[in-house]
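Notes to accompany the following structure.
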Amino acid sequence: MSKLSKRISIYVVSMVCYIIIIGMILYSVVNFRNEYRMEEKRYINTVESSIIDALYTDNIVQELQSLGQKYAMEVMVHEDDQLIYSSIPLQEGTSLKGIVNDNAKVQESFKKLEVQNKEYTIWYVIYQIPFIKTMESFLAKVNLIVVFIYLLLIVLVMLFEFRLLLPLRRVARSIEMAENNELDDLQVDNEKDSLNHRLTNFFLKQRRTLKNVRTHNTTLEIDLALEREHLENTIHLSRGLIHDLKSPVYNVKMDCEIQLETETDTNQRRLLERNIELCTQLLTEINGLLKVLREDVYTLDKSIEEIDGVGLVYATQKHHVSEMRRKQMSFSFEGAETEIFYQNKVGVQLLFHNIFSNMVLYSVPNSYIEVIMERIDNRIMIKCSNKTDEKNMQKIQDGMKYDSYNEVYVSDLGNAYSSGNGLYLIRQLAKFLDGECTYVFDGDIVTTILTLPDKE
């Protein structure tokens, strides 16, 4: 049996013993009243039997006198209406009722018996049983239990001393030596205590690890620089790809403007004007994205513009109308007619777009999206609620995880309608805007709470 198993066995046996002892004490205390009553009942039965047995003897008076000396009682016996014995000097015809205090007696009885063709009338009173007789057995049990507890406690203290305190002293000594850098491999080999051996070995491994970290520090710095350069190149490439999107959109806008100059059909002109308007909006959003990519993400708070929060909510909702129709979803908004605040417009647009993308993505069909916007002091709070199922709820919770070892966000890769930024980056973007984005789960309802400061 291993040392750990022995310790567990000792602890289990000790706990069981103490539980049994405590149970015995509690049972004795709770059951003391019943024991006292049972002792009282046995005492009464013994006295009554002794009185009746005395009537079958040849010398009744002498037997009753002996019983009076042995037990705390009073007795009066008539034989064929003739008084033959009375422990109380009473005149003939005296009423027996109330001559003994009720608080002093435990039993009073009046009986008629026929013994050997003689009729006996018996009146007797049994006084309270001496309390010390009952307490003797109870105190004896309690004293035995206390002695057993004391002995068990001594054994446990000795085990505690040898099993815990001595190893702790050795551990304290090893920690002190580790602080003074005095540990070596020879001490590990000579250490007999398994716990201290493991601790000493751990300190030595940590020292070797720190030495290796110092050795590889330069390599890690080089790797970090390479990763930073790779990130910068990725951002430049993304900016170039987004910029390339402007050309086809701009060409479509120019074609529509040229056709609009010669088109005479009213419906066609409306369609061309609508296309020009959409292209203009798309170019504006692309320019906003390029502006963000040119800026340092940590300086978003420097580009402050006036924003109509209500208009931005409805504009963002329109971008997802087709997907909401496909899933037969409804939309409701609660707030003021206009809510003007000052923030980085592109950053807020990205936030709203990604929040709506995730809500539409994770919502179940035939559900709803509810948006509530309100101003609290100098901050704007937007609460977005949508209904989802258990599977999508798990996806949302997985999307909030962060790989602390690799420092890589677990994104929504593989989701057809994901914005690509993920829940974690939404919260980070809100933080860069000096705001906060949290998620509240209530059954199948997910509420995204976005709070942004008004930087007017």
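Summary of values
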read-out: Answer residue from the range 382-396, given it is in contact (Cβ under 8 Å) with a residue 40 or more places away in the chain and surrounded by fewer than 16 Cβ atoms within 10 Å (Cβ to Cβ) and is farthest from Ser330 (Cα to Cα) among those; value: Glu390
read-out: Segments classed as strands (runs of 3 or more DSSP E), wholly inside the range 248-359, with at least 1 members that are in contact (Cβ under 8 Å) with a residue 60 or more places away in the chain, assigned by TED's automatic domain parsing to the domain that holds Ile380 and surrounded by 15 or more Cβ atoms within 10 Å (Cβ to Cβ); value: 340-343
read-out: Test for Val75: is it modelled with pLDDT of 85 or more, part of a helix (DSSP H, G or I) and surrounded by 11 or more Cβ atoms within 10 Å (Cβ to Cβ); value: no
read-out: Qualifying residue in the range 376-387 (condition: of a type in the set (Ser, Thr, Tyr) and at pLDDT below 90); value: no
read-out: Residue count, the range 78-107 (criterion: modelled with pLDDT of 75 or more and under 60 Å from the mean Cα position of the chain (by Cα)); value: 3
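The values are calculated or read from the model by the stated rules, or taken from the named source; none is laboratory data. Here the structure is a predicted model, which means the values were calculated and not measured. Reconstructed Cβ throughout: ideal geometry from the backbone, glycine too, with neighbour counts over all protein chains shown.
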